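Q: Submitted below is the structure of interest, expressed as structure tokens.
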Amino acid sequence: MARRTIIIVLAGLFISMPCLAKTEPANQIKVMSFNVKVDLGGGWGDRGDRVREIIASQNADIVGIQEGLAHQVSDIQAGVPQYTNYAVGRNDGQSDGESCAIYYKKDKFNLNDKGTFWFSNTPDKVSHGWDTWPRICTWVHLKDKKSGTGLYVYNVHLAAFFSQGARQKSVRLLAERIADRKTKDPFIVIGDFNMKTNNSAMQYLLNEDGETPYAKMTDAWQAIYPGERGPRWDHITFGPDIKVTSIELDEREASDHQALVANLVLTAPTNTNIAAKAEDIGELKPVQN
């Protein structure tokens, strides 16, 4: 009888082993980037419901949206109470104009720091820079409540496809701000970049040739599907202390963009390069879009 009991116990242990093997990494996070399309006076009611449904069902830990006006940011927040958000209107630094709002799960993260800068010659002031419209980057520094792991999240909406010069200047400023962050915690950059990964400005940001004076970044889609055509404008990118395990487009229609969702794993931070001086940053060669 005793022998039979031992066999049954051992069998139970073997049966449970596959479940143990599927345990998610301790520092895994799910991230979404979603251009929800600015509400210009029509259709947001139905679209808003679908946007909230997509965000709620994907259940990402962090969600960055682009083009959201103040009422859109509030409407989304009302439908996903498990999140809190930080958003700044690009026209006045408060609530006027499009934002790059960042939502994060309030039971998972503490907000350690936050900010917004403008893609212009005066980035710390509300300003109109190198594009037809003001462009901003909103960022947060989060701390995982359980592990204490820190993470910077940068959410951008860069200049439109016909403004290559503006994008070139913007990625330089973005790379400098990332390198100058207060701590060397891992970072991700999400958003509507308005360019493909083969654009010279995007290649500069990713440090494809190894000559950019900043840490190398990785495009999540290309890491999972190297050489395959991915989202045209939207990207989730990250620094050297992060790995991607999966990425997908949510094909449900709620905007003129689709939500991009990735699962990332944070590793121990490394000593990321400090920003180079402005005079050391070489000119980018113009290319056709």
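Q: Given a Förster radius of 35 Å and the C-beta distance between Gln82 and Glu228 as r, what FRET efficiency does 1/(1 + (r/R0)^6) yield to the nearest 0.05?
A: Details: r = 33 Å, r/R0 = 0.95.
With R0 = 35 Å, the Cβ-Cβ based efficiency is 0.60.
Q: Okay, next question. Using a Debye calculation, one point per C-alpha and no hydration shell, please list log10 I(q)/I(0) for the range 120-239 at q = 0.11, 0.14 Å⁻¹ in order.
A: These q points yield log10 I(q)/I(0) values of -0.37, -0.59.
Q: Just subtract the alpha-carbon distance of Lys114 and Glu251 from 0.36 nm times their residue separation and send over the number in nm, one decimal. Walk me through the intermediate numbers first.
A: Working: separation 137, 0.36 × 137 = 49.32 nm, distance 3.10 nm.
Taking Lys114 through Glu251 to full extension adds about 46.2 nm, to one decimal.
Q: Work from the charge dipole of the range 24-280 (Cβ charges, +1 for Lys and Arg, -1 for Asp and Glu, about the Cα centre) and give the residue of Ala179, Thr212, Cys100 farthest towards its positive end.
A: Ala179
Q: Going through the cross-link list Lys114/Lys182; Lys146/Lys216; Lys106/Lys146, which pairs have a Cα-Cα distance over 21 Å in this structure? Spell out each step's value before the answer.
A: Values: Lys114/Lys182 11 Å; Lys146/Lys216 28 Å; Lys106/Lys146 12 Å.
The answer is Lys146/Lys216.
Q: Is the shape of the range 24-280 rounded, prolate or oblate, going by the alpha carbon gyration tensor and its root eigenvalues a ≥ b ≥ c, with a/c under 1.5 for rounded and a/b larger than b/c for prolate?
A: On the way: a/c = 1.35, a/b = 1.12, b/c = 1.20.
Cα axes put the range 24-280 in the rounded bin.
Q: Can you list the aspartates and glutamates whose alpha carbon sits under 16 Å from that of Lys184, skipping same-chain ones fewer than 8 residues off?
A: By straight Cα distance, Lys184 reaches Asp113, Asp144, Glu176, Asp241.
Q: Still on this model: Please report the relative contact order for the range 24-280, taking Cα pairs under 8 Å with a sequence separation of at least 6, and give it as a percent rounded to a whole number.
A: RCO, the range 24-280: 20 percent.
Q: Would you mind putting 238-250, 133-145 in packing order, based on average other-beta-carbon counts within 10 Å, highest first? Don't skip to the answer; put the middle values down first.
A: Details: 238-250: 17.9, 133-145: 21.1.
For the peptides 238-250, 133-145, the packing ranking is 133-145, 238-250.
Q: Residue by residue through the range 157-169, what is 3J(HN,Hα) from phi via Karplus (6.51 cos²θ - 1.76 cosθ + 1.60, θ = phi - 60°)? Round to whole Hz and write x for glycine and proline.
A: Values, residue by residue: 9, 7, 4, 5, 4, 8, 10, 4, x, 5, 5, 4, 5 Hz.
Q: Could you run the Karplus curve 6.51 cos²θ - 1.76 cosθ + 1.60 with θ = phi - 60° over the range 26-38 and give me ³J(HN,Hα) per residue in whole Hz, x for Gly and Pro?
A: Using θ = phi - 60°, the values come out as 4, 9, 7, 9, 10, 10, 10, 10, 8, 7, 8, 6, 4 Hz.
Q: Looking at the range 175-245, which GluC sites (Glu not before Pro) are in a loop (DSSP not H, G, I, E or B) and have at most 14 other Cβ atoms within 10 Å?
A: Details: sites: Glu176, Glu208, Glu211, Glu228; in loops: Glu208, Glu211, Glu228.
Those satisfying the criteria are Glu211, Glu228.
Q: Let me spell out the model: positive unit charges on the Cβ of Lys and Arg, negative unit charges on the Cβ of Asp and Glu, origin at the Cα centre of the range 24-280. What dipole size does that give, in debye rounded to 20?
A: Details: 29 positive and 34 negative charges, 114 e Å.
Result for the range 24-280 is approximately 540 debye, rounded to the nearest 20.
Q: Give the order of Ser120, Ser99 when sorted by the count of other beta carbons within 10 angstrom, beginning with the fewest. It would help to have the intermediate numbers written out before the result.
A: Details: Ser120 21, Ser99 28.
Ascending Cβ contact count within 10 Å gives the list Ser120, Ser99.
Q: Can you bin the range 32-165 into rounded, prolate or oblate? Criterion: square roots of the alpha carbon gyration tensor eigenvalues sorted a ≥ b ≥ c, rounded for a/c under 1.5, prolate for a/b above b/c, oblate for the rest. Numbers along the way, then the final one.
A: Values: a/c = 2.04, a/b = 1.19, b/c = 1.71.
In terms of gyration-tensor shape, oblate.
Coordinate-derived values only; no laboratory data. What you see is a predicted model, and the numbers here were worked out from it, not measured in a lab. Quick reminder, even Gly has a Cβ in these numbers, built from the backbone with ideal geometry, and neighbours come from all protein chains shown.
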